[in-house]
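The values are calculated or read from the model by the stated rules, or taken from the named source; none is laboratory data. What you see is a predicted model; the values in this text were computed from it and never measured. Here Cβ is always computed from backbone atoms with ideal geometry, including for glycine, and neighbour counts include all displayed protein chains. These accessible areas exclude ligands, DNA and RNA; they are computed on the full protein's heavy atoms, side chains included. Shrake-Rupley method; radii C 1.70, N 1.55, O 1.52, S 1.80 Å.
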Amino acid sequence: MKSTDYLNNLNQTYLTVHRKKEDFFWETYMGLSDDHAGSTAAEANWINYLSESSKIGEIEAHIELTEEIQDQQEKQKTISGLKGWLAMFRAHAMESDQAKQQKQGLIEFESTLFEKKQKYVMTYSDEKGQTCEGSLPVLSSVIRSSDHQATRQSAHAALLELEQWILQNGFIELVKKRNAFARSLGHDNFFDYSVLKTEHMTSETLFSILDEFEKQTADVNQASLDNLKKEKGDQALAAYNFSYSFAGDVMRELDQYVPFSKSLKRWVESFGRLNIQYSGAELTLDLLDRKGKYPNGFCHGPIPSYYDQGKWVAAKVNFTSNAKPDQMGSGYDGINTLFHEGGHAAHFSNVKMNSPCFSMEFAPTSMAYAETQSMFCDSLLTDADWLKSYALDDQGEVVPDSVIQSMINSKQPFKAYGERSILVVPYFERALYALADDQLTAERITELARFTEKKILGLACSPRPMLAIPHLLSDESACSYQGYLLAHMAVYQTRSYFMEKLGYLTDNPKIGPLLAEHYWNKGNSVNHNDGIKSLTGEGFNPKYLADACNLTAQQAWQEQQSKIAALAIRETAPIHSLNATIKIVDGATVLAGNQESDEKMCQDFEDYIVARYGR
């Protein structure tokens with residue numbers, strides 16, 4: 001078989017296996033299907049295909065055979081595509097039958113745990129003392145924004161109960177099985193294996209970065225806790241009071257200016273003015289919370305974007321949020337998730353290589369690289385000029401400067417805490433997977449969770465207890481949470497570069513094309529560091545995030561005042577087409593689409609939200 005034909009065969013075979021797995025994933029994670037056996041089988045088939053170690057030798061042989069290709073352009077493209085597949089199979093291949101059997105067992109075990117957790121019901125007592133069901137996003141929102149301490153405490157207690165339920169219903173055995181699998185591949189434990197697989201670095205290298213960041217932000221984090229305690233008393237540091245103590249009032253003030261009903265319109269307009277486009281992709285958005293739905297936003301691509309022998313194959317991308325529009329704070333949370341997952345979708349819709357292996361949300365794609373794209377987009381929501389452009393109430397009144405200043409005054413002192421609430425997870429998971437099997441008990445793991453939270457956050461218990469974080473249970477996200485922090489470091493480096501080069505971020509039409517050129521088009525053929533260097537001229541540098549964490553509230557407000565002043569003297573950018581076919585669904589129900597126009601889609605969505613939830 002010619003090397004070009006071999007590459008095309010790899011592409012087509014993979015797309016078939018991948019699509020089946022992704023269709024099952026969407027149906028089960030959205031709570032639309034209980035065919036967990038079918039989903040497990042499709043997942044196993046996908047894993048088995050990628051774990052075929054014999055493919056490595058085949059691909060290497062075909063790279064040698066490309067010497068026979070006379071056309072130099074075709075030769076280089078074929079080599080590039082084959083090297084992409086080589087990286088893919090090297091990231092996933094398993095040579096021993098033992099490892100393959102253990103991986104199959106992991107898939108089946110995790111599927112059973114997922115199904116059990118999907119049926120687990122959490123409840124809390126609302127302000128009227130009535131028992132209410134609440135998903136993870138709902139409970140988290142209650143803890144941040146409810147005026148009633150008893151209600152916040154009840155919601156937090158539900159998360160602590162979830163922790164213990166997880167520990168009593170398979171998580172401990174899952175940790176043991178993951179470690180056994182990693183050891184069969186020659187690694188000390190599952191954490192070391194995962195970091196090497198997802199970020200292409202050792203745990204030691206990772207923690208040289210994380211430890212330095214921990215030192216750079218420790219003092220300002222502790223000072224913020226001490227000041228809050230001095231101002232509002234010891235109870236302000238209780239897990240169910242902490243977030244509300246510094247952010248509750250201002251988020252209530254902001255709420256009327258960021259209704260969830262307008263979120264779709266804000267996304268279309270804001271991304272359009274940034275000149276972010278989706279290259280003809282088909283997007284399906286499931287944005288509302290409901291029972292049985294996976295309790296965290298995500299973005300997956302059933303059809304990756306790529307050039308198939310020179311012909312463009314547009315992506316098909318699904319992404320979600322868990323908005324509850326009648327709940328305080330849901331508008332800002334919802335639009336944040338929409339921007340975040342919409343950033344992922346933009347990335348995976350714009351990979352313009354000659355194979356689908358370059359447009360994947362899993363290894364060999366670095367999680368930090370993938371999350372840089374999404375977190376850059378959601379970071380815009382914190383900019384004062386974005387808020388002055390898009391945060392409007394029902395009468396069209398713009399959010400006042402005083403509300404923005406209050407947001408900064410309340411949140412900037414806890415900027416370091418926010419980043420450390422990401423940092424705490426890899427510190428916990430590294431210690432967890434280093435425990436011997438006989439040390440893995442519910443009591444020991446709970447103790448480790450509280451110890452790590454105290455060490456990194458400075459709180460006796462986190463507002464979001466460790467094991468309530470859904471990423472820890474899922475195979476594709478376990479031991480990868482550090483990717484969010486590495487991404488945030490890259491985001492602030494990217495923001496700094498754009499501010500210096502372009503002068504502003506909000507609605508800047510040069511940003512979309514620059515992101516596409518340097519971060520998106522080449523997919524995972526370029527590593528995270530080289531992508532950053534391509535755009536900024538500088539390799540990965542954590543200092544920009546550390547500097548942002550150490551700003552005083554006054555310094556942060558001065559920066560935002562400059563953005564507001566600059567906004568007043570620049571022209572409004574035109575709204576470019578997103579170049580996507582968009583469908584908004586709630587489970588199996590289609591709520592809106594842009595077949596006629598983006599404007600009608602946004603209006604239909606707004607009308608539905610207002611009719612169902614009120615303004």
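I'd like the full set of residues that are in contact with a Lys or Arg (Cβ under 6 Å, 6 or more places away or on another chain) and modelled with pLDDT under 95, limited to region 355-385.
Scanning region 355-385 gives a single hit, Ala363.
Considering only region 217-235, I want to know if a residue exists there that is open to solvent by 40 Å² or more (accessible area, probe 1.4 Å) and outside any helix (DSSP H, G or I).
no
Could you list, in sequence order, all residues of region 320-348 that are open to solvent by 30 Å² or more (accessible area, probe 1.4 Å), touching a residue at least 60 places away in the same chain (Cβ under 8 Å) and either of a type in the set (A, V, I, L, M, F, W, C) or part of a helix (DSSP H, G or I) (or both)?
Once the filter is applied, which keeps residues that are open to solvent by 30 Å² or more (accessible area, probe 1.4 Å), touching a residue at least 60 places away in the same chain (Cβ under 8 Å) and either of a type in the set (A, V, I, L, M, F, W, C) or part of a helix (DSSP H, G or I) (or both), region 320-348 yields Met328, Asp333.
Looking at Asp604, Asp530, Asp547, can you tell me which residue is out of contact with any strand residue (DSSP E or B) (no Cβ under 6 Å at 6 or more places or on another chain), more than 28 Å from Ser80 (Cα to Cα), modelled with pLDDT of 95 or more and open to solvent by 40 Å² or more (accessible area, probe 1.4 Å)?
Working: Asp604 fails: out of contact with any strand residue (DSSP E or B) (no Cβ under 6 Å at 6 or more places or on another chain); Asp530 fails: more than 28 Å from Ser80 (Cα to Cα).
Just one listed residue meets the conditions, Asp547.
Within region 377-412, how many residues are among the small types (Gly, Ala, Ser), outside any helix (DSSP H, G or I) and open to solvent by 20 Å² or more (accessible area, probe 1.4 Å)?
Keep residues of region 377-412 that are among the small types (Gly, Ala, Ser), which gives 379, 384, 389, 391, 396, 402, 406, 410.
Subset that is outside any helix (DSSP H, G or I): 391, 396.
Now drop any that are not open to solvent by 20 Å² or more (accessible area, probe 1.4 Å), which leaves 396.
Within region 377-412, residues that are among the small types (Gly, Ala, Ser), outside any helix (DSSP H, G or I) and open to solvent by 20 Å² or more (accessible area, probe 1.4 Å) number 1.
Quick one: which residue in Val351, Val317 is of a type outside the set (Lys, Arg), closer than 24 Å to Ser80 by Cβ and touching a residue at least 60 places away in the same chain (Cβ under 8 Å)?
Working: Val317 fails: touching a residue at least 60 places away in the same chain (Cβ under 8 Å).
Answer to the selection: Val351.
Is there any pair with a first residue in region 108-134 that is within 17 Å of Gln327 (Cα to Cα) and open to solvent by 50 Å² or more (accessible area, probe 1.4 Å) and a second that is polar (S, T, N, Q) and at pLDDT below 95 whose Cβ atoms are under 9 Å apart and which are 6 or more apart or on different chains, and what are they?
From residues that are within 17 Å of Gln327 (Cα to Cα) and open to solvent by 50 Å² or more (accessible area, probe 1.4 Å), the pairs are Glu127/Ser146.
Going by what's in this entry, would Ala87 be described as open to solvent by less than 30 Å² (accessible area, probe 1.4 Å), of a type in the set (A, V, I, L, M) and in contact with a helix residue (DSSP H, G or I) (Cβ under 8 Å, 6 or more places away or on another chain)?
Here the answer is no, as Ala87 does not meet what is asked.
Only residues that are touching a helix residue (DSSP H, G or I) at 6+ places or on another chain (Cβ under 9 Å), of a type in the set (Val, Ile, Thr) and within 21 Å of Lys100 (Cβ to Cβ): list them for region 10-36, please.
Within region 10-36, Thr13, Val17 meet the criteria.
Going through region 438-479 one residue at a time, which ones are farther than 29 Å from Leu228 by Cα and open to solvent by 70 Å² or more (accessible area, probe 1.4 Å)?
Passing the criteria: Asp438, Gln439, Glu443, Arg444, Glu476.
Looking only at region 210-219, which residues are farther than 15 Å from Phe191 by Cβ and not small (Gly, Ala, Ser)?
Here is the first cut: in region 210-219, the residues farther than 15 Å from Phe191 by Cβ are 211-219.
Within region 210-219, Asp211, Glu212, Phe213, Glu214, Lys215, Gln216, Thr217, Asp219 meet the criteria.
For region 561-575, which residues satisfy the criterion of being in a helix (DSSP H, G or I) and farther than 15 Å from Tyr390 by Cα?
The initial filter retains those residues of region 561-575 that are in a helix (DSSP H, G or I), namely 561-567.
Scanning region 561-575 gives Gln561, Ser562, Ala565, Ala566.
Look at Lys415 and say whether it is open to solvent by less than 50 Å² (accessible area, probe 1.4 Å) and in contact (Cβ under 8 Å) with a residue 60 or more places away in the chain. Don't jump to the end; show me each part of the working.
On the way: open to solvent by less than 50 Å² (accessible area, probe 1.4 Å): yes; in contact (Cβ under 8 Å) with a residue 60 or more places away in the chain: yes.
Considered against the rule, which asks whether it is open to solvent by less than 50 Å² (accessible area, probe 1.4 Å) and in contact (Cβ under 8 Å) with a residue 60 or more places away in the chain, Lys415 comes out as yes.
Does Ser406 satisfy being in contact with a strand residue (DSSP E or B) (Cβ under 8 Å, 6 or more places away or on another chain) and under 27 Å from Val220 (Cβ atoms)?
Numbers: in contact with a strand residue (DSSP E or B) (Cβ under 8 Å, 6 or more places away or on another chain): no; under 27 Å from Val220 (Cβ atoms): yes.
So Ser406 does not fit the description; no.
Which count do you get for residues in region 285-308 that are open to solvent by less than 10 Å² (accessible area, probe 1.4 Å) and polar (S, T, N, Q)?
Residues meeting the conditions: 1.
Say whether the condition of being assigned to a loop (DSSP other than H, G, I, E, B), out of contact with any Ser or Thr (no Cβ under 9 Å at 6 or more places or on another chain) and among the hydroxyl-bearing types (Ser, Thr, Tyr) is met by at least one residue in region 542-554. Don't jump to the end; show me each part of the working.
Of all residues in region 542-554, those assigned to a loop (DSSP other than H, G, I, E, B) come to 542, 550-552.
Keeping just the survivors that are out of contact with any Ser or Thr (no Cβ under 9 Å at 6 or more places or on another chain) gives 542, 551-552.
Right, trim to among the hydroxyl-bearing types (Ser, Thr, Tyr) and you get 552.
Checking region 542-554: at least one residue is assigned to a loop (DSSP other than H, G, I, E, B), out of contact with any Ser or Thr (no Cβ under 9 Å at 6 or more places or on another chain) and among the hydroxyl-bearing types (Ser, Thr, Tyr).
Name the residue, out of Glu199, Glu212, that is of a type in the set (D, E, K, R), within 30 Å of Asn527 (Cβ to Cβ), open to solvent by 40 Å² or more (accessible area, probe 1.4 Å) and within 25 Å of the chain's Cα centre (by Cα). First the steps, then the outcome.
Numbers: Glu199 fails: open to solvent by 40 Å² or more (accessible area, probe 1.4 Å).
Of the residues listed, the single one that is of a type in the set (D, E, K, R), within 30 Å of Asn527 (Cβ to Cβ), open to solvent by 40 Å² or more (accessible area, probe 1.4 Å) and within 25 Å of the chain's Cα centre (by Cα) is Glu212.
Quick one: in region 581-599, which of the residues that are open to solvent by 70 Å² or more (accessible area, probe 1.4 Å) and touching a strand residue (DSSP E or B) at 6+ places or on another chain (Cβ under 8 Å) is farthest from Glu341 (Cα to Cα)?
In the first step, residues of region 581-599 are kept if they are open to solvent by 70 Å² or more (accessible area, probe 1.4 Å); the result is 581, 583, 588-590, 595-596, 599.
Cutting the leftovers down to touching a strand residue (DSSP E or B) at 6+ places or on another chain (Cβ under 8 Å) gives us 581, 583, 590, 595.
Numbers: Thr581: 16, Lys583: 15, Val590: 19, Gln595: 22 Å.
Of everything passing the filter in region 581-599, Gln595 is farthest from Glu341 (Cα to Cα).
For region 418-437, what are the residues that are open to solvent by 10 Å² or more (accessible area, probe 1.4 Å) and either modelled with pLDDT under 95 or closer than 30 Å to Phe260 by Cβ (or both)?
Step one: list which residues in region 418-437 are open to solvent by 10 Å² or more (accessible area, probe 1.4 Å), which gives 418, 421-422, 427, 430-431, 434-437.
Listed by number, the residues that qualify are Gly418, Ser421, Ile422.
Those residues that are among the charged types (D, E, K, R) and either over 18 Å from Ala99 (Cβ atoms) or crowded, with 18+ Cβ neighbours inside 10 Å (or both), I need them from region 37-84; list them, please. I'd like the intermediate steps shown before the answer.
First, pick out the residues of region 37-84 that are among the charged types (D, E, K, R): 43, 52, 55, 58, 60, 64, 67-68, 71, 74-75, 77, 83.
Within region 37-84, Glu43, Lys55, Glu58, Glu60, Glu64, Glu67, Glu68, Asp71, Glu74, Lys75, Lys77, Lys83 qualify.
Okay, residues lined up against (1) assigned to a helix (DSSP H, G or I); (2) farther than 27 Å from Leu467 by Cα; (3) at pLDDT below 95; (4) among the charged types (D, E, K, R):
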{"site": "Asn45", "(1), (2), (3), (4)": "yes, yes, no, no"}
{"site": "Ile59", "(1), (2), (3), (4)": "yes, yes, no, no"}
{"site": "Leu65", "(1), (2), (3), (4)": "yes, yes, yes, no"}
{"site": "Gln76", "(1), (2), (3), (4)": "yes, yes, no, no"}
{"site": "Gly81", "(1), (2), (3), (4)": "yes, yes, no, no"}
{"site": "Gly84", "(1), (2), (3), (4)": "yes, yes, no, no"}
{"site": "Glu110", "(1), (2), (3), (4)": "yes, no, yes, yes"}
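Going by the structure shown, is Glu27 among the charged types (D, E, K, R), modelled with pLDDT under 95, part of a helix (DSSP H, G or I) and open to solvent by 20 Å² or more (accessible area, probe 1.4 Å)? Don't jump to the end; show me each part of the working.
Values: among the charged types (D, E, K, R): yes; modelled with pLDDT under 95: no; part of a helix (DSSP H, G or I): yes; open to solvent by 20 Å² or more (accessible area, probe 1.4 Å): yes.
When the stated conditions are applied, Glu27 does not pass them.
Checking the conditions here, which among Leu505, Leu515, Leu578, Leu535 is part of a loop (DSSP other than H, G, I, E, B), open to solvent by less than 40 Å² (accessible area, probe 1.4 Å) and farther than 30 Å from Pro413 by Cα?
Details: Leu505 fails: farther than 30 Å from Pro413 by Cα; Leu515 fails: part of a loop (DSSP other than H, G, I, E, B); Leu535 fails: part of a loop (DSSP other than H, G, I, E, B).
Result: Leu578 is the single residue among Leu505, Leu515, Leu578, Leu535 that is part of a loop (DSSP other than H, G, I, E, B), open to solvent by less than 40 Å² (accessible area, probe 1.4 Å) and farther than 30 Å from Pro413 by Cα.
Select from region 366-416 the residues that are within 30 Å of Ala91 (Cα to Cα) and not small (Gly, Ala, Ser) and list them in ascending order.
Initially, region 366-416 is screened for residues within 30 Å of Ala91 (Cα to Cα), giving 366-378.
Across region 366-416, the qualifying residues are Met367, Tyr369, Glu371, Thr372, Gln373, Met375, Phe376, Cys377, Asp378.
Within region 149-165, can one find any residue that is in a helix (DSSP H, G or I), within 25 Å of the chain's Cα centre (by Cα), of a type in the set (A, V, I, L, M) and surrounded by fewer than 18 Cβ atoms within 10 Å (Cβ to Cβ)?
Yes, region 149-165 contains a residue that is in a helix (DSSP H, G or I), within 25 Å of the chain's Cα centre (by Cα), of a type in the set (A, V, I, L, M) and surrounded by fewer than 18 Cβ atoms within 10 Å (Cβ to Cβ).
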